[in-house]
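Since the structure comes first, as structure tokens, the remarks are kept for the end.
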Amino acid sequence: MPDDRSRQDVELFDKQTAYSGFFDLKIYHFRYRRFDGTWSRRHDREVFERGPTVAVVPFAPVRACVVLVEQFRAPMLDDVAGPWVIEAAAGIIDPGESVDDVVHREAREETGLIIDRLIRLFDVVPSPGGSTERISLYVGLVNAE
């Protein structure tokens, strides 16, 4: 089968909400067309519905440095490194918000910096086996003097 698979190669029987809170957990019931053209058996998968997010790494060219933030993250409580994580400024894109609005807001809220110029890098899907999250990554030029 050629490598032109699409949404038509998936039959979604149902999506059930298992939990709804700050995030949603849904159960997808589906099957998909295999590479040999036959259909798979029915699968049931829990999916963490996160949706679109953005992350920006502020870069200060005069100082030749990036600005990261350290934040407490409850899901990391059992991680060997602990729950304090060094990360880029990031946030969820809510309905009606533009990517630019979220990038500028999150950079201001989390680093105190104003982005002078935004450079789009690429999108990444960090955990496609269990989450709908797609992160649009940016570099933001800032004055960090």
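The values are calculated or read from the model by the stated rules, or taken from the named source; none is laboratory data. Just so it is clear, the model here is predicted, and its values are computed rather than measured. Note that we place each Cβ from the backbone using ideal geometry, even for glycine, and neighbour counts take in every protein chain shown. These area figures cover heavy atoms from the full protein model, side chains too; ligands, DNA and RNA do not enter into them. Shrake-Rupley method; radii C 1.70, N 1.55, O 1.52, S 1.80 Å.
Some points to look at:
- Computed over protein heavy atoms with a 1.4 Å probe, the carbon and sulfur contribution to the accessible area of the chain reaches 54%.
- Over the range 1-115, accessible surface divided per residue gives 68 Å², non-protein components excluded, 1.4 Å probe.
- Over all Cα atoms in the chain, the spread is summed up by Rg and Dmax: 19.3, 61 Å.
- Only Lys, Arg (+1) and Asp, Glu (-1) charged, at Cβ; the range 1-85 dipole about Cα centre in debye: 160
- Taking the longest Cα principal axis of the chain as reference, the axis of helix 99-111 is set at about 50 degrees.
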